[in-house]
Every structure is written in C-alpha cells, then in structure tokens.
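These notes concern the structure reproduced below.
The values are calculated or read from the model by the stated rules, or taken from the named source; none is laboratory data. On a predicted model such as this, the values are computed, not experimentally measured, just so you know. Using ideal geometry, Cβ is built from the backbone for each residue, glycine included, and neighbour counts are taken over all protein chains shown.
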Amino acid sequence: MKRAFSCLLLAFNLGSVSPAWAQTAKPVRIGVLFFDFSNTYLSYMRGGMKAFERTFGSSVSIDYVDAKNSQVTQNDQIDTLIAKGIDVLAINPVDPNAAGTMIEKARARNIPIVFFNRAPAKDDILSWDKVWYVGTTPEESGVIQANLIMKAWKAMPALDKNKDGKMQYVILKGTPGHPDAEARTKTVVETMNRAGFPSEQLAIQSANFNTGDAKNVMETWLAKYGDQIEMVICNNDAMALGAVEALRSEGYFTGKKYIGVVGINALSTVVPLIRDGTILGSVLSDPNNEGQAILTMAVNLAKGVDPLTGVKNGKVGTFRDVRMPYFEITKENVKMAEDAYAKTEVK
C-alpha cells in the first residue's frame, strides 16, 4: 500500500498487462456487477471490458450481471457470485450508501472489491485494504463544461439572441442526490460565476440522466420560456439528446433558429451532432480506458500484486481511488471521442 500512496495525485502509465497472468493454470474469476445494463455510458464500458477481456486469454473468466437498478437484486447477485467461487468483485453500485454491506459480504470470504462509476463513501473504501474505487472526478467535468460554454459564447455572438450581453440558461440535472449530478451542476455554475461570466439561470430540473425525461422537461420549458432560452446545460449526453429532440420538434436547428446545447460523456450517438454543429460540445469520459483499469486492477487484486500494475492514464487519489481524466470535445477534435468508442464492442 505504501507504494500505491507514494504515487498520490501523480499521473501514472505503468505499461501493459503482466505476461505472468497468462501463465496461471487456474483462471481468475471476476464478477462484474452493473447497476443497469440499459445505461448508455455503462453499455459502452461493458463493451470495452469485453473487448479487453480477450487480451487475458484463458487466464481470466468474467461474469457480467445486471442489477436492473435494484440494490436488493445486486445484493443477491453478490451472494450468488460468492457461492460460485468468484475471486474478485467489480461493483457499479446501485446505491453507493449500501457499500458497507457489500464489503462485509466480500470481506467474510476474503474477496477483494473494485467499485466503479458510483463512488462509495471514503470511510467505506478505507474500511478494508482490499477495496478500491475507479471512476472520474465529476467536478472536473463541470469545470470543462463551463469553459466550453464560455468559449462558445464568445466565439458565437448569435447565441445571445436578445442581445443583452447575458446568457440565459437552463440545466437538465441527473438523478437527485447522485454524486455526479450534484457535482456537475454545482461546478458548472460556480466556474462561470467565478469567471465573472454574465449569465442568468431560468430553470433547473432533474431528468434522471434519461433521454425521454429530458425531452419532456425541455418541452415544458419551451412552452414556458420559448426563445428566452439561449443555452441548455446537461449533466450527461443522454439528456442532451432528449433536449435536441424536443428542440427539433419546435423547428430549432433549421435555418437561423438555434439554441446552444452541451452535454457530458461525448457518446458515439452525440458525435455526429457535434460534428454538424447541432450540439456545441461535450466532455469525454473514456469508457474504454475506465473499463480496462477496472479489469486490470481486479486481476491484480486477485493475484495479490500491486493493484496499479498495468493501469494506464489515471491518477491515484487520496483514499485508494483511481481517477480517469475528462477531455473537452468540440467539432474541432470530435474524432477523439469517435476513436474512444470505436474500441468497444458496442456498435
């Protein structure tokens, strides 16, 4: 552990997967538990994991399971995997507050855990030295999104439709209480305010990271505010797609009728809309890199070697957490997002 924390807050790129893993007679069995297979970003992560799984050959065997957004189901799945003789668990928790119970189940059988995407409390992670977390720093995505918005506003005077020098905006927020939703919302607003950027919030409402919910909220806002809205700030791309759908039904993105939309994730479904200028930009969190880090650390923990061996492109945080970077994506560098998703098996 001392070696891991000597890397505190430093970027690492420690090479490729150890060839020694392929020499093991008994394969490492990993149980990967997702909160919901239907989540778009996580479906790409799962695709990236499956593609990366092949690099281990027969030395690794992986079970992927779907909790369908039920913590009760996920708890039962953990019990089932443990009974099957799993060596390590990689858990995307339905409810991060339930991490303590999950850790107790695994610890009783000495089974390491790599939590991912939804971070448990620091105290839970530190409760046992065989627990790690892999994810992003949601505040970073809010800062990048705010900077993207401010640059677009400066570069595109037509966004200021009422010519008052102030950006009127709405925010489509993710699931209430979700750490990413809270952090992204708070940080994007604070970053613009700290920069002295002239703006006015017209409305903010949860759309649960969901395209259909976002479409419904956006339709309500258009009925109330109409063309007063100059920017739609979305906590993720799924909601950005819903906003675009609602806007298109009202004739936006044709001729000179336009409202700025920004998202987070830079999903492959959003890439064409960034390329053609419908969406101003997004913030890439590479599911391929994140998935590779999760599986690499899981195998390391099962083998009892340094968890960070072979992990690429991340930063070690302050409590056995590995944070993957975000990148601004606009029309100028949209190929970066395109290439990231091309590496997954999801088409």
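Of note, Ala240 satisfies the criterion of being at pLDDT 95 or above, assigned to a helix (DSSP H, G or I) and in contact with a Gly (Cβ under 6 Å, 6 or more places away or on another chain).
Of Val131, Val217, Val188, which residue is in the same structural domain as Met45 (by TED's automatic domain parsing) and of a type in the set (Val, Ile, Thr)? Among Val131, Val217, Val188, only Val131 is in the same structural domain as Met45 (by TED's automatic domain parsing) and of a type in the set (Val, Ile, Thr). Here the stretch 125-146 is the region considered, the condition is being touching a helix residue (DSSP H, G or I) at 6+ places or on another chain (Cβ under 7 Å), surrounded by fewer than 23 Cβ atoms within 10 Å (Cβ to Cβ) and not β-branched (Val, Ile, Thr), and the residue that is farthest from Arg320 (Cα to Cα) is Glu139.
Summed over the stretch 300-329, residues that are closer than 18 Å to Pro287 by Cα and among the polar types (S, T, N, Q) total 1. Among the residues of the stretch 180-220, how many are over 18 Å from the mean Cα position of the chain (by Cα), surrounded by fewer than 20 Cβ atoms within 10 Å (Cβ to Cβ) and among the hydrophobic types (A, V, I, L, M, F, W, C)? Looking only at that region, the number is 6. Screening Lys163 against (1) part of a loop (DSSP other than H, G, I, E, B); (2) of a type in the set (Lys, Arg); (3) surrounded by 22 or more Cβ atoms within 10 Å (Cβ to Cβ) leaves a single unmet condition, (3). Look at (1) charged (D, E, K, R); (2) at pLDDT below 90; (3) in contact with a helix residue (DSSP H, G or I) (Cβ under 6 Å, 6 or more places away or on another chain) and you find that Lys256 fails only one, number (3).
Among residues of the stretch 93-129 being under 20 Å from the mean Cα position of the chain (by Cα) and part of a loop (DSSP other than H, G, I, E, B), the one that is farthest from Asp66 (Cα to Cα) is Ala121.
Of the residues contained in the stretch 1-21, none is found to be outside any helix (DSSP H, G or I) and either at pLDDT 95 or above or over 21 Å from Val311 (Cα atoms) (or both).
Residues of the stretch 272-284 include at least one that is within 20 Å of Gly142 (Cβ to Cβ) and part of a loop (DSSP other than H, G, I, E, B). In this structure, does Gly135 turn out to be outside any helix (DSSP H, G or I), modelled with pLDDT under 95, within 16 Å of the chain's Cα centre (by Cα) and farther than 26 Å from Asn216 by Cα? Taking the combined requirement at face value, the residue satisfies it. No other residue among Tyr64, Tyr41 is under 30 Å from Asp213 (Cβ atoms), touching a strand residue (DSSP E or B) at 6+ places or on another chain (Cβ under 7 Å), surrounded by 15 or more Cβ atoms within 10 Å (Cβ to Cβ) and at pLDDT below 90 apart from Tyr41. Candidates are the residues of the stretch 169-210 that are without any contact (Cβ under 8 Å) to a residue 12 or more places away in the chain and assigned to a loop (DSSP other than H, G, I, E, B); the one that is nearest to Ala240 (Cα to Cα) is Gly177.
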